[in-house]
Structures are given as structure tokens and as C-alpha cells.
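A.B. asks: My structure is below; once you've seen it, I'll send some questions.
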Amino acid sequence: MRPVVLVTGGAGYIGSHVARALAMHGMEPVTYDNLSEGHRWAVRYGPLERGDLADQARIEAVMRHYRPVAVVHLASLIAAGVSVVQPADYYQNNVAGTLALLQAMRETGVGRLVFSSSAAVYGEPRTTPIDEDHPKLPINPYGGSKLMCERMIEDFANAYGVRAASLRYFNAAGAEPGGEIGEAHRNETHLIPLVLEAAAGLRRHVAIFGTDYATRDGTCLRDYVHVCDIADAHLLALRFLAHQPGAHSFNLGSGSGSTVREVVATAERITGRKVAIQERPRRPGDPTALLADPARARDILGWKPRYPALDDQISTAWNWHGRLPSQVAGN
Ligand code: UDP
């Protein structure tokens, strides 16, 4: 029997790539997802159990049924900009939901957790690149909710012996290169898919939020990291926790950054299409530049990104994009 890993949010963008990586490495991913943001078609590598994160009794029932060796927890609201105007949703879903999950793990004796955290826990960087010891002063409720979850997880590790790794993703990008799965948010807010939709003629233009930042071209700088590399890090973290107690945190970024204008230019080159831009005011809650120092993940987990180049991230996303409408139309 293959060891089972419960993947909350396994029907989502990163979750489906994590499920695929688990399945490819001899594990059985069981997806726990309410399909509010995720897609049934993205659950291809193991069973789907529909349920809310806040429904502790249901999570416990699923855990008792499948007896997972570990949980990878990705179910979450994720839009930093939206969180500024809808903070209650973020604290309810992300924080209260994670507490319910932790309680369910305690009740059923599941002792290993990989948590999907974010560079948003750091806020506006004081030093660059950002390492894991950088002060954590989030500037939007999304980042605040992730930091609260990390703290709860640390406390559960100290008091109840849960083993945990919080993986602080920088900007996830790209898609599984074979085109099986990829990014498909219902209300897209992320830069790369919006730019590719514009390249595909599905949008008239892309907004650039802020052109007066203190960066090389005035637009925000982000560290884009391929979703398959992020998925690999979850496997490495699970392995690490098999012999390592306590709560740990790791940055997942490539260590190099691209501005919004550079993303647009790269997408134009790769797709061979023109992308019309519209310069807009800054979006609330956006730090100027986020650049990871990924040394800890490299040195401790042995993580080595396979697709660090923005070109590879955008070209795999574009490859997926061509297949996207029919898949989404099916669900
Ligand atoms: N961005 C933009 N136009 C858009 C969406 C995003 O200029 O339509 C910018 C945003 O301000 C940020 C960067 O692109 O600086 C990445 O934003 P995204 O929402 O993709 O990820 P986040 O950094 O918020 O996690």
C-alpha cells in the first residue's frame, strides 16, 4: 500500500502539482478541497474528498478513513490585494481553517505537516535578498493570516510534537510541462496568467499597478518560482520531517527577480504577440520588491530548482494556456 498524504487544496494550482509530484514518487495523494477555487479536473492523481477546511469533524472522518502519514496544507485564500478589502474572509478561512486542521491532526494522531506559506509574511523588505530570519511584518491581511498560521503551527509543534515545515513561496509561476495541469483561477488576479490571457486575445490589455516604485524600471519586482520546483520542495520537506522534529521554515524562490514590465516583455517575446498595457496607480498591499534568499532550502532540504528561468516559467504556462479553455469549460 502506498503511503497516503492528505493534500488540502489539492484541486488548486499549486496543490494539483503537489499531488502529481507525490503520486510520481510512490505516494497516494488524497485531495481535501471544497472546490470553491479549485477544479475537479485538476484532481487526477488520487481521490477527491469534498469538504470545508473549517469542518473539523469532516477532516477527522477523512483522516480516520485514509490514515495519512502526513498533511500538505495548501487550501487558502491567496489574493493579497483582495485581502486588504476583505480581511474577515482571510482570517476566517486561512487562520480558523488552519486551526481546525491542526485540531483534526491532533485528534487523529497525524504528526507531520507541510504548510503553504508565503513571502507575504515578511512585508516590505528591510534587507534583500530576504532570508528566513528577516523580520516578519506583513503589510496585508493575506500575509498576516499566513504568519498567524505559522505561529499556531510552531506552538503546536512545541506543545504537541507536531513536525512541520512552512514553505514560504515567492511568486509561483509556470505549469507542468506536459500540459496536464496548470494555473486556472476563476477570478484571475495574478500577473502572468493575465498577461498570457491578453496575449491570447482574451483580454484587451493588462494593468500595470504602479510605475513609480524604486526599482530599475519603476514597476514591482518579484521572484518567480516554477510550480513544479515548488512541488518538489514539498516532497523534500516531507522526507526531512521524517527524521527531524520541530517546526521549520524555508523560502522557496529562485533568488533572482523580474519586474512587471520585464514579465510583459518576456511574455511578448515567447508568445510572439503584443500585449497592450495600461498604467494604473499602485495596488494596495504590494511591497516594492520581493527577492528570496533560497540558501536554507538548498542546503538543508537539498532543493535545486529545475526551472529557475522566467522564460521556462512563461513558456510552460503558455503551453498550458492553449489547453485551458476546454478544460475549464468541462467544469
Ligand atoms: N500586477 C500588475 N497587474 C496585474 C496583476 C499584478 O501590475 O494585473 C503586479 C502586482 O502589483 C505585483 C506583481 O504584478 O507587483 C505580481 O502580482 P501577483 O498578483 O501576480 O502576485 P503577488 O505578488 O500579489 O503574490
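The values are calculated or read from the model by the stated rules, or taken from the named source; none is laboratory data. This structure is a prediction, so every number in the text was calculated from the model and none was measured. Reconstructed Cβ throughout: ideal geometry from the backbone, glycine too, with neighbour counts over all protein chains shown. Just so you know, the surface numbers come from the protein's heavy atoms only, side chains and all, with ligands and any DNA or RNA stripped out. Shrake-Rupley method; radii C 1.70, N 1.55, O 1.52, S 1.80 Å.
A.B. asks: Tell me, what does the Kirkwood hydrodynamic radius of the chain come to in angstroms if you use every pair of distinct C-alpha atoms?
C.D. replies: 19.8 Å
A.B. asks: On to the next question. Per the Kirkwood definition applied to all pairs of different Cα atoms, how many angstroms is the hydrodynamic radius of the stretch 190-331?
C.D. replies: Working: mean 1/r = 0.0596 Å⁻¹.
In the stretch 190-331 this quantity evaluates to 16.8 Å.
A.B. asks: Where only protein heavy atoms count, and the probe is 1.4 Å, what is the accessible area per residue for the stretch 51-185 in Å²?
C.D. replies: Here the per-residue accessible area is 39 Å².
A.B. asks: In the chain, what % of DSSP beta bridges are antiparallel (nearest 5)?
C.D. replies: 5 percent
A.B. asks: Taking the C-alpha atoms of the stretch 23-132, how large are the radius of gyration and the largest Cα-Cα span, Dmax, in Å?
C.D. replies: According to the Cα coordinates of the stretch 23-132, Rg and Dmax are 15.6, 47 Å.
A.B. asks: Taking 0.36 nm per residue of sequence separation and subtracting the Cα-Cα distance, how much length would be gained by fully extending the chain between Ala61 and Gln86, in nm to one decimal?
C.D. replies: Length gained between Ala61 and Gln86: 5.9 nm.
A.B. asks: List every DSSP H helix in the chain whose Cα atoms extend 20 Å or more along the helix's own long axis and whose mean Kyte-Doolittle hydropathy is at least -1.0.
C.D. replies: Helices meeting the criterion: 141-160, 227-243.
A.B. asks: Considering only protein heavy atoms and a probe of 1.4 Å, how much of the accessible area of the stretch 233-331 is carbon and sulfur, as a whole percent?
C.D. replies: Here it works out to 52 percent.
A.B. asks: Cβ neighbours within 10 Å, averaged per peptide: list 146-159, 170-183 in order, most packed at the top.
C.D. replies: Going from most to least packed, we get 170-183, 146-159.
A.B. asks: Shifting gears a bit: Can you give the local net charge around Val227? Use residues other than it whose beta-carbon is closer than 13 angstrom to its beta-carbon, Lys and Arg +1, Asp and Glu -1.
C.D. replies: Net of charged neighbours comes to -4.
A.B. asks: What does the accessible area per residue of the stretch 211-304 come to in Å², with a 1.4 Å probe and no ligands, DNA or RNA counted?
C.D. replies: 43 Å²
A.B. asks: Run the accessible area of the stretch 61-216 with a 1.4 Å probe and give the carbon-and-sulfur part as a rounded percent.
C.D. replies: The computed percentage sits at 48.
A.B. asks: Restricting to Cα pairs below 8 Å that are 6+ residues apart, what does the relative contact order work out to for the chain? Please round to a whole percent.
C.D. replies: 20 percent
A.B. asks: I've got another one for you. What spacing in nm lies between the two simple spin-label points modelled at Arg280 and Asp311, each 7 Å away from Cα in the Cβ direction?
C.D. replies: 3.1 nm
A.B. asks: Pop out the Kirkwood hydrodynamic radius of the stretch 238-285 from its pairwise C-alpha distances, inverse of mean 1/r, in Å to one decimal.
C.D. replies: 15.1 Å
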